[in-house]
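Report on one structure; see the data block that follows.
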Amino acid sequence: MATDVMIEASGLTKRFGGVRALDKVSFEVRRGEVVGFLGPNGAGKSTTMRILTCFISPTTGSAKVSGHDVFDSPLEVRRAIGYLPQRAPLYTDMSVYDYLRFVAEIRGLDESAFKSRLKKVVEVCGLAQSLGKDIGTLSHGYRQRVGLGQALIHDPPILILDEPTSDLDPNEKAEVLRYIKQIGKDRTILLSTHNLAEVEEACARAIIVSKGRVVADGALDDIRGKTGRVRYVVAIDEKRAEAGNSAPSAEAARTALERIDGARSVKELPTDESLHKFELIGPQNSDLRADIFRLVVAKGWTLLELRRDAQSLDAVFRDLTRGDEKLDRGAGWKASEPEDDEDDDDSTSDEDDDDDSDEASDNHSSARKA
Amino acid sequence: MSPMLTIAKREFRSNFDSPLAYVVICLSFFALGLMFFMLQGGFWQADRSSVERLFEYAPMGLSFLVVPVVTMRLVAEERRSGTLEMLITLPVSDSDVVLGKFFGALGLVLVLVLATLLYPFGMFKWPWVLGPLDMGPVASGYLGLILFSAAATSIGLLVSSLAESQAVAFFITFFVLAALWFFDNAAQYLSAGGNGGWFPTVLLYMSFQTRLSGFWRGLVDTRDILFFVSVTLLCLLVAFRALERRKWA
């Protein structure tokens, strides 16, 4: 294949009746990338994956997988992918071995190829003990493994995994993620989840969808920086101070920190040590650490901790997808209803929301190019 | 092996993974035996070396019990449990899925149908020879039964691919097949006074019972063959469309 783009979605829109489940979703996944597909429940992750696996068709827009159009050549597309649908629906009346064999037969693997792949898959997914068991008797975690096993049986170049780690215990999760990382070296993997820690562990890139739209797409670090703020944690000893100075009260320390140029929303964090701990937010692309340090020295206080975080992915995720939650709780109904018939970008129409989300959607178009 | 055959094989075998198939087989043979030997005087009273009664009653057993039970889960259950998504996203075309399921289910029905060969052979060839049996009507009777099974199975498959749950699929298939069977009686009732008009004629034309009765007597009419084949193809085609519908719903 001439191109390196393994999955290409352009302008995917899907309506279910009057509901727009996907709205012009576009992204690309290149060979060898492990991409986390993130979003709250109902954001359109599974719908997108079903379109990519040719289970359903988009209302408008097109997608190519491994160079084949999902509409024109679904069989070629499906041959190139291994797909694990959400919750791993399997034939519960079959044994694990029979099931894997069934899948291999449909995929046209011959006896010897099946044998060697089976060995590999059993090893990777930890199925040796359960090969002879009926799938119906297995726990959810094991079913998930079987589902993963069937997706891998033909050694596909592209894997599409819809919440592969749901229903797994922490050990199994770690194991699956480790495996995804390992096979992701020479394969293309698109994996959906709403667990951010998993994305941070296994993926280098993430696509965040919310209400059927892509709200962020890029390297994890880019996405973290997306909301345009940096978080600092400062801890100051509440008892000790340099000779001639008094130990700071919480109020005094907070006022002093607020006076730092660029600092905003200084917040005291709870702690059970004898210190004052503050969180403050600073502008992106700047570093307030030197200012904070100098301030503390000038006051004669004792600095116990000073940390600068790019914002956590968790917080970015919440920021970018905040509208969903509000809708579910019944707020913002009026604000979002007319949104159905327009196409402007700042759909996150929350009254009390500051300009973060707008910044975010501006940023993401640039991140997508990157 | 083509994907279609693989699906058919799985479908066929899955019947034997649950007790349902065994129960249905036992029940239907028990019922057939009762009807054959007891109902309306029974086989012995008729006192003829003929198994026409078999061909008369077997389709009823198939219509009212076997086909609805065998076909009800085909698509409805897979859609409900989500395995349909798993199946369709394998490299199989929708027609592979429809045909695979059709042949898988038809396979089980035909096993039952062919098991009734015990009647003509057991009673008239070996170990008992109750009289000289004309094998012509037996052969044509089985041909009719096989064609009927295909049509009934395709109807069940179609209903299953439209129904929300297998219970709904069972009842709808049951009623459709029962209606198609009793159209014959309804037509006779309506035209009893000799002034039924066109409606009884149409009913008679569609009645499975009327269509089959020729086969029982050794009459192989191409119109009847064509009728069953057309019903089968039409239902499979609509089932295929029903399965495709998921893409656009």
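State whether the residues of the range B:30-39 include one that is touching a residue at least 40 places away in the same chain (Cβ under 8 Å), closer than 24 Å to B:Leu157 by Cβ and either exposed (fewer than 14 other Cβ atoms within 10 Å of the Cβ) or of a type in the set (Ser, Thr, Tyr) (or both).
Checking the range B:30-39: not a single residue is touching a residue at least 40 places away in the same chain (Cβ under 8 Å), closer than 24 Å to B:Leu157 by Cβ and either exposed (fewer than 14 other Cβ atoms within 10 Å of the Cβ) or of a type in the set (Ser, Thr, Tyr) (or both).
Tell me, which residue of the range A:48-75 that is more than 16 Å from A:Thr13 (Cα to Cα) and more than 8 Å from chain B (Cβ to nearest Cβ) is surrounded by the fewest Cβ atoms within 10 Å (Cβ to Cβ)?
A:Asp72
Of all residues in the range B:70-88, how many are touching a Pro at 6+ places or on another chain (Cβ under 8 Å) and acidic (Asp, Glu)?
Qualifying residue count for the region: 1.
Mind listing just one residue for me: the one in the range A:93-114 that is outside any helix (DSSP H, G or I) and either within 8 Å of another protein chain (Cβ to nearest Cβ) or within 28 Å of A:Val5 (Cα to Cα) (or both) and, of those, least open to solvent (accessible area, probe 1.4 Å)?
It comes out as A:Met94.
A:Gly218: in contact (Cβ under 8 Å) with a residue 40 or more places away in the chain, buried (at least 18 other Cβ atoms within 10 Å of the Cβ) and not β-branched (Val, Ile, Thr), yes or no?
Yes.
Looking only at the range A:144-162, how many residues end up being farther than 22 Å from A:Val5 by Cβ, within 13 Å of chain B (Cβ to nearest Cβ) and open to solvent by 10 Å² or more (accessible area, probe 1.4 Å)?
1
Could you please find all residues in the range B:125-140 being more than 26 Å from the chain's Cα centre (by Cα) and either surrounded by 14 or more Cβ atoms within 10 Å (Cβ to Cβ) or in contact (Cβ under 8 Å) with a residue 60 or more places away in the chain (or both)?
Of all residues in the range B:125-140, those more than 26 Å from the chain's Cα centre (by Cα) come to B:125-132.
Across the range B:125-140, the qualifying residues are B:Leu130, B:Gly131, B:Pro132.
I'm checking my understanding of the structure. Among residues of the range B:86-118 that are over 14 Å from the mean Cα position of the chain (by Cα) and open to solvent by 30 Å² or more (accessible area, probe 1.4 Å), which one is nearest to the other protein chains (Cβ to nearest Cβ)?
In this case the residue turns out to be B:Ser93.
Quick one: which residue in B:Val202, B:Val229, B:Val220 is assigned to a helix (DSSP H, G or I), open to solvent by 30 Å² or more (accessible area, probe 1.4 Å) and touching a helix residue (DSSP H, G or I) at 6+ places or on another chain (Cβ under 8 Å)? Write out each step before concluding.
On the way: B:Val202 fails: touching a helix residue (DSSP H, G or I) at 6+ places or on another chain (Cβ under 8 Å); B:Val220 fails: assigned to a helix (DSSP H, G or I).
Of B:Val202, B:Val229, B:Val220, the one residue that is assigned to a helix (DSSP H, G or I), open to solvent by 30 Å² or more (accessible area, probe 1.4 Å) and touching a helix residue (DSSP H, G or I) at 6+ places or on another chain (Cβ under 8 Å) is B:Val229.
Go through A:Ala252, A:Ala204, A:Ala241 for me and flag whichever is open to solvent by 10 Å² or more (accessible area, probe 1.4 Å) and under 20 Å from A:Val29 (Cβ atoms). Talk me through it step by step, then tell me what you get.
On the way: A:Ala252 fails: under 20 Å from A:Val29 (Cβ atoms); A:Ala241 fails: under 20 Å from A:Val29 (Cβ atoms).
Going through A:Ala252, A:Ala204, A:Ala241 in turn, the sole match is A:Ala204.
The values are calculated or read from the model by the stated rules, or taken from the named source; none is laboratory data. A quick note: this is a predicted structure, and the numbers were derived from the prediction, not measured. Every residue, glycine among them, receives a Cβ derived from its backbone with ideal geometry; neighbour counts consider all protein chains shown. Remember, those area values only see protein heavy atoms, side chains included, never the ligands or the DNA or RNA. Shrake-Rupley method; radii C 1.70, N 1.55, O 1.52, S 1.80 Å.
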